[in-house]
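Note sheet for the following structure.
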There are 2 protein chains.
Amino acid sequence: MEEDGVKSWVMAVTAQTPTNIAVIKYWGKRDESLILPINDSISITLDPAHLCTTTSVAVSPSFTHDRMWLNGKEISLSGGRFQNCLRELRSRANDVEDVEKGVKIAKKDWDNMHVHIVSYNNFPTAAGLASSAAGLACLVFSLAKLMNVKEDHSTLSAIARQGSGSACRSLYGGFVKWIMGKEENGSDSIAVQLADEKHWDDLVIIIAVVSSRQKETSSTSGMRDTVETSALVEHRAKVVVPKRIIQMEEAIKNRDFPAFAALTCADSNQFHAVALDTCPPIFYMNDTSHRQVLFLIISRVEKWNRFEGTPQVAYTFDAGPNAVLISRDRKTAALLLQRLLFYFPPQSETDLNSYVIGDKTILQDAGIQKVDDIETLAPPPETNANIPVHRYKGDVSYFICTGPGRGPVVLTDENQSLIDPKTGLPK
Amino acid sequence: MEEDGVKSWVMAVTAQTPTNIAVIKYWGKRDESLILPINDSISITLDPAHLCTTTSVAVSPSFTHDRMWLNGKEISLSGGRFQNCLRELRSRANDVEDVEKGVKIAKKDWDNMHVHIVSYNNFPTAAGLASSAAGLACLVFSLAKLMNVKEDHSTLSAIARQGSGSACRSLYGGFVKWIMGKEENGSDSIAVQLADEKHWDDLVIIIAVVSSRQKETSSTSGMRDTVETSALVEHRAKVVVPKRIIQMEEAIKNRDFPAFAALTCADSNQFHAVALDTCPPIFYMNDTSHRQVLFLIISRVEKWNRFEGTPQVAYTFDAGPNAVLISRDRKTAALLLQRLLFYFPPQSETDLNSYVIGDKTILQDAGIQKVDDIETLAPPPETNANIPVHRYKGDVSYFICTGPGRGPVVLTDENQSLIDPKTGLPK
């Protein structure tokens, strides 16, 4: 490491990493500290254009300790999970040279160098949209680039997994499987890509955000309680999920939407079933209004699918107050959005642009240009014309239209860096 | 059968049969028409002084066909389940003689004699309080008396089972096990008494009736869907329940309330978990207000039990909008009732006498004499004094205080008969 008169240099890397939504759920660890799961899981990576974490990491001889800022607020890095990731990355760091800046860091120096990490989610933290997945994946990915770690994504996924289990699935775009692995040290508990995001890009994903409040029970303690007390979760992990993993891989490979939808809905419901089978029972559909919206969405989707004779839409819910709806194609997505806006119109003062965000073309396809167009939507044909239909104004905060997306990328445009290149602090 | 001039006689029997609440749940049949379950279940018979069915059955040469009236309304007896019960009973009928009335019915005549059945529940039908259990048990029990059927209660339980599965458990008082049996013809799928109602009469049961509306999904179709689609229910039936049955029998035998409460709550939650694991998912905690009340009750009871360090109260919910709470003794029941009335005060115009029914001494023990006493109840000590407590006025329709009770009895007082002894029609 060159020290003469270059104390002030800051070297930074910025990366963007997607979040993901599990369609075969991860629920339960066999090892708490290494974060090794009791079953495989499968997820879809969501388009980072709409939901992602951006992270800048920097190294400088002037940094006195590792520091991190998340969404503008400094947070502690002392947790075992961050430390595990940092240790794993440092041990794999290599020589780094920036000729332009006249900087050279030798492999052995990384143990004594400190990093600054600045991270920003473009969606609510801890509201069940796997922000920690995107966040930890981004931290690992960007630090690996900064430290010139040469291992492939699958090794990085095993490192990210130690930060936040489902983070490992955010190292790839498209359709991703997290293999539970067998080794005690977790070396084979890694993510692999089943298919990239172009393989099945007909799918349109609409997320109903019911509330951006933090969820009440953390996933970590929730899944610990389930593993310790549920009389059903072991059967799920050992017998049910292995079959579903094979069927889901088949469904994804063949773009078989009916099979995909049936498995996705069944596995979402089963995750909530084992949560309910926990002592004390966990209701992730937690407060009244979330529950009402989520139950309504399930029953409306089930009704529509029955009416059409074949699944149009799959639903899946994680621990947070959001409903993720996956429609078979753009045409169906427009019909789905009409239905969602019919049942859940915005408060009168809401701006349509902030009520439906993400891929706005779905809104256009649905023929909705202004809030008034929502008021005049007709009830869906599958509703019984003789029964008055209730509309739940204001129960949904907003909708995000998105789809399967790519994996992590480095952002080379310095303007996109979140770190001030002079101070090494958040911009 | 004597016919000369006695065409007009009517011979009647009246019986009263309790309802029951399962603490290890019955959910799923292995034979739909014989009603053979996929697992054993255990119930507590509820005191018929507060919840029961009264049924009068009559036979007369003037009756032209079998008829039944339930709660004042004539209903069809053409259903397979009624027919199964009637056929089984007729085949076991014996000679009957009423010297006073000069009536004699020979065993062989029963095939050609018709019956009238008049039944009345003192609680809402199909609101999840096992009215069909009490109803079918009462029908079978009273007809067996009328027809001089000599078989014991356990054979009668197998007949009642063919009318409504859980009816078989209403043939006994106290603590009852329905043995699933192994025979294809169902002959060994019978109820047995584990202990009578005096064995553990400390227990006090408080039922919160959230609504008396009919439930949306019938148990019959719900459990069929679960057996066909849930990936967890078989494991529950074959692995989980057999262990719980042994543990529950032990807990009842030893009056071990902590074990009893843990098993009761866990099994209630697991029943709802396998319902949720059904495709499409079944939410027996169905409409918003039921769900809110039931979830609140679960979380408040769990909190209180944790606060005391040992279970004070067990909860169990069936398919309907009612919460059944079992408290360890009278003292705890008074504390429970205070809590329930604190969280769920009546509407202002409600009369206390109709808001808390059944065993009123619990209300006295709770120190509540008038509605104003509810208004001034202090928050329970386990609540956090810094967080304002919400009270849910009007969300509960009423409470029933009761306890373990006796099995079916014949009512000999003719005034209690529901059938006019002259016309053979409902009084």
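List the distances, in nm and shortest first, from the label point of B:K101 to the matching label points in every other copy, placing each point 7 Å from Cα along the Cα-to-Cβ direction.
10.3
Explain nothing, just the number: dipole magnitude of chain B about its Cα centre with +1 on each Lys and Arg Cβ and -1 on each Asp and Glu Cβ, in debye rounded to the nearest 20.
Using Cβ point charges on Lys, Arg, Asp and Glu, chain B gives about 560 debye.
Place a +1 charge on the Cβ of each Lys and Arg in the stretch B:254-340 and a -1 charge on the Cβ of each Asp and Glu, then give the dipole magnitude about the Cα centre in debye, rounded to the nearest 20.
My answer is approximately 420 debye.
For the stretch A:111-116, just list the computed ³J(HN,Hα) in residue order, Karplus coefficients 6.51, -1.76 and 1.60, θ = phi - 60°, integers in Hz, with x standing in for Gly and Pro.
Values per residue, Gly and Pro as x: 4, 10, 8, 10, 10, 10 Hz.
Placing one identical point scatterer on every Cα of the stretch A:289-411 and ignoring solvent, what is log10 I(q)/I(0) from the Debye formula at q = 0.15, 0.18 Å⁻¹?
The calculated log intensity ratios at q = 0.15, 0.18 Å⁻¹ are -0.70, -1.02.
Let me know the Kirkwood hydrodynamic radius for the stretch B:204-402, please, with Cα pairs as the basis and the value in Å to one decimal.
Computed over Cα pairs of the stretch B:204-402, the Kirkwood hydrodynamic radius comes out at 17.9 Å.
Using a ≥ b ≥ c from the Cα gyration tensor of the protein assembly as shown (square roots of the eigenvalues), is it rounded, prolate or oblate, where a/c under 1.5 gives rounded and otherwise the larger of a/b and b/c decides, a/b for prolate?
prolate
List the trypsin sites (Lys or Arg not before Pro) in the stretch B:81-167 that DSSP assigns to loop (not H, G, I, E or B) and whose Cβ has at most 11 other Cβ atoms within 10 Å. Which are they?
Answer by residue number: B:K150.
Once you charge only the Cβ atoms, +1 for Lys and Arg and -1 for Asp and Glu, what is the size of the charge dipole of the protein assembly as shown about its Cα centre, to the nearest 20 debye?
200 debye
Assume the label is 7 Å from Cα along Cα to beta carbon: what separations in nm does A:K243 have to the matching positions in the other copies?
Label-point distances to the other copies, shortest first: 2.1 nm.
Taking the solvent-accessible surface of protein heavy atoms with a 1.4 Å probe, what is the per residue accessible area of the stretch A:204-402 in Å²?
40 Å²
Ordered by residue, what ³J(HN,Hα) values in Hz, to whole numbers, does the stretch B:17-30 give under the Karplus form 6.51 cos²θ - 1.76 cosθ + 1.60, where θ = phi - 60° and Gly and Pro are x?
10, x, 9, 9, 10, 6, 9, 10, 7, 8, 8, x, 10, 9
Would you kindly find the accessible area of A:E250, with a 1.4 Å probe and non-protein molecules such as ligands, DNA and RNA excluded, rounding to the nearest 10 Å²?
90 Å²
Between A:L146, A:T361, A:V233, whose Cα lies farthest towards the positive end of the dipole of chain A when Lys and Arg beta carbons carry +1 and Asp and Glu beta carbons carry -1, centred on the Cα centre?
A:V233
For chain A, just the Cα set please: Rg and Dmax, both in angstrom.
22.4, 83
When all alpha-carbon pairs of the stretch A:142-257 are counted, what percent fall beyond 16 Å?
Percentage above 16 Å: 73.
I'd like the carbon and sulfur percentage of the solvent accessible area for the protein assembly as shown, probe radius 1.4 Å, heavy atoms only, ligands and nucleic acids excluded.
After summing per-atom areas, the C and S share lands at 49 percent.
Using a ≥ b ≥ c from the Cα gyration tensor of the stretch B:55-130 (square roots of the eigenvalues), is it rounded, prolate or oblate, where a/c under 1.5 gives rounded and otherwise the larger of a/b and b/c decides, a/b for prolate?
prolate
Which whole-number percentage describes the relative contact order of the stretch B:204-402, with Cα contacts under 8 Å and a sequence gap of 6 or more?
32 percent.
Hey, what number do you get for the protein assembly as shown at 222 nm if only DSSP H runs of n ≥ 4 count, each worth -39500 (n - 2.57), divided across all residues, to the nearest 500?
Result for the protein assembly as shown: -9500 deg cm²/dmol, rounded to the nearest 500.
Ignoring ligands, DNA and RNA, how much accessible area is buried between chains A and B, both sides summed, with a 1.4 Å probe, to the nearest 100 Å²?
It comes to approximately 2200 Å² buried between A and B.
Can you classify the stretch A:3-134 as rounded, prolate or oblate using the Cα gyration tensor, where a ≥ b ≥ c are the square roots of its eigenvalues, rounded means a/c under 1.5, and otherwise it's prolate if a/b beats b/c and oblate if not?
prolate
The values are calculated or read from the model by the stated rules, or taken from the named source; none is laboratory data. Since the structure is predicted, the reported quantities are computational estimates derived from the model, not experimental observations. In this analysis, Cβ positions are derived from the backbone assuming ideal geometry, glycine residues included, and neighbour counts consider all displayed protein chains. These area figures cover heavy atoms from the full protein model, side chains too; ligands, DNA and RNA do not enter into them. Shrake-Rupley method; radii C 1.70, N 1.55, O 1.52, S 1.80 Å.
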